[in-house]
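Below is one structure, written out as structure tokens; the observations come after it.
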Amino acid sequence: MKDLDLRGRILGRERAQERAEREEELEEAGWRDVGERGSVFGIKAVIVMATMMGRTAGRGLVAMIAAYYTLLSTPANKATEQFRARLGLTTTRMDVYRQVRRFAQCALDALFFMRGKTEFFRVTRNGHHHLAKLRDTGEGAILLGAHLGSFHAMREQSGREALPLYPVVFTKNARRFNQVLEELDPGSKVRLIEIDSEGGRMGFMLSIREKLEEGGLVAILGDRVQPGAKAVQVDFLGQKAWLPAGPYILAATLKAPVYFVAGIYRGKATYELFCIPFAERVKLPRGNRMEAIQAYAQQYADILADFCKDAPDNWFNFYDFWAEPPAAAPPKDDH
């Protein structure tokens, strides 16, 4: 019996050490290499329950999932505490739970938005006349967003304006969820453009150019640096952070207007949508190209910081946002 008890304690310590090592690996990798938690079956199970029993029951389920994740995810706890500290806010475990739960609630609501069940929500719009103008003129545009609030709530706005929407996605981190969403609404005008598509960089650029020329909206999230991508340093909430250079290089190359967009979740069933002019044309002069990119990225960071201060519980980057991204290289000047 003593031998069994000793073996049990040793096995328990080994398992605890393995869990700690996995958490450390996830924290060092950041968001980029974290595999998807759950499966298509699990996501569909939530959909079935929400469909059969309604949004209220679905919110009860995701609340339990959020509690489980909060208890087990050390990186999420550290990242939330770090972010709130930048805003001058203290953080308890309950604050972390509220942050994770808010993310889970927005993910659940995305399923309803994708199915066209907008009767559950009260949606207010700010700046929608900019999209109406794009529709009337037939001009395409780049929508620059962030992992803040709900992107899928923005679909409601593009749908009202009858504008095709093409989110640019890094599918390694969202393939299962995107698969389910496309199955939910196959007739939607929203179609994903994959960053890691087989066509390579040239095919990716040509695809976006085609969508813009057709009067489409190409949506890009500008707050995460992809592995090996070019990055620039900015001041974000009083601390140096790195943001991708790609959105501004893309906008300058394709000569498309840029708008900052956000769908802020205000609680219960209320979303507030924003569409803010960012740049009529992104210009990157030869010789000081990097400085110009950095200026646009700083403009983005300032707008994003204002939204974070207004709605801190809508911030959904659960990793060390201020850590230098691995393999990120600054853009080179053209001389």
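The values are calculated or read from the model by the stated rules, or taken from the named source; none is laboratory data. All figures in this text were calculated on a predicted structure; none of them were measured in a lab. Every residue, glycine as well, gets a Cβ built from its backbone with ideal geometry; the counts of neighbours run over all protein chains shown.
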Exercise for review: State which residue pairs qualify: first residue part of a loop (DSSP other than H, G, I, E, B) and inside the range 278-300, second residue buried (at least 17 other Cβ atoms within 10 Å of the Cβ) and β-branched (V, I, T) in any location, beta carbons under 8 Å apart, and separation of 6 or more residues or different chains.
Suggested key: V282/V258; L284/I249; L284/I293
Point to revise | Hits in the range 296-326 (condition: more than 27 Å from G88 (Cβ to Cβ) and either crowded, with 19+ Cβ neighbours inside 10 Å or at pLDDT 95 or above (or both)) | key: Y296
Review point. Residues of the range 50-102 being of a type in the set (V, I, T) and assigned to a helix (DSSP H, G or I), which ones?
Key: T51, T56, V62, I65, T70, T74, T80, V96, V100
Check your understanding: Can you find a residue in the range 166-178 that is buried (at least 21 other Cβ atoms within 10 Å of the Cβ), modelled with pLDDT under 85, assigned to a strand (DSSP E or B) and touching a Ser or Thr at 6+ places or on another chain (Cβ under 7 Å)?
Key -> no
Check your understanding: Any residue in the range 222-236 that is modelled with pLDDT of 65 or more, over 23 Å from E324 (Cα atoms) and surrounded by fewer than 18 Cβ atoms within 10 Å (Cβ to Cβ)?
Key -> no
Check your understanding: Consider D306 against the criteria (1) assigned to a helix (DSSP H, G or I); (2) among the charged types (D, E, K, R); (3) in contact with a Lys or Arg (Cβ under 7 Å, 6 or more places away or on another chain): it satisfies all of them except one. Which criterion is unmet?
Key -> (3)
Study note, to complete from the structure: Cβ pairs under 9 Å, 6+ apart or interchain, first in the range 62-79 and under 10 Å from V100 (Cβ atoms) and touching a residue at least 60 places away in the same chain (Cβ under 8 Å), second in a helix (DSSP H, G or I) and among the aromatic types (F, W, Y), ordered by first then second residue, are A76/Y69
Check your understanding: Is it true that A279 is over 19 Å from the mean Cα position of the chain (by Cα), of a type in the set (A, V, I, L, M), surrounded by fewer than 18 Cβ atoms within 10 Å (Cβ to Cβ) and over 17 Å from A229 (Cβ atoms)?
Key -> no
Review point. In this structure, is E213 of a type outside the set (V, I, T), more than 30 Å from A107 (Cα to Cα) and surrounded by 12 or more Cβ atoms within 10 Å (Cβ to Cβ)?
Key: yes
Check your understanding: If you go through the range 84-91 one residue at a time, do you hit one that is under 19 Å from the mean Cα position of the chain (by Cα) and crowded, with 21+ Cβ neighbours inside 10 Å?
Key -> no
Check your understanding: Residues A252, A269, A262: which one is within 17 Å of L212 (Cβ to Cβ) and either small (G, A, S) or touching a Lys or Arg at 6+ places or on another chain (Cβ under 6 Å) (or both)?
Key -> A252
Revision key, fill the gap. How many residues of the range 234-264 are under 14 Å from I303 (Cα atoms) and part of a loop (DSSP other than H, G, I, E, B)? The answer is 2
Check your understanding: Looking at the range 106-126, which of its residues are in contact with a helix residue (DSSP H, G or I) (Cβ under 9 Å, 6 or more places away or on another chain), surrounded by fewer than 21 Cβ atoms within 10 Å (Cβ to Cβ) and either hydroxyl-bearing (S, T, Y) or within 20 Å of V261 (Cα to Cα) (or both)?
Key -> A107, A110, M114, T118, F121, V123, R125
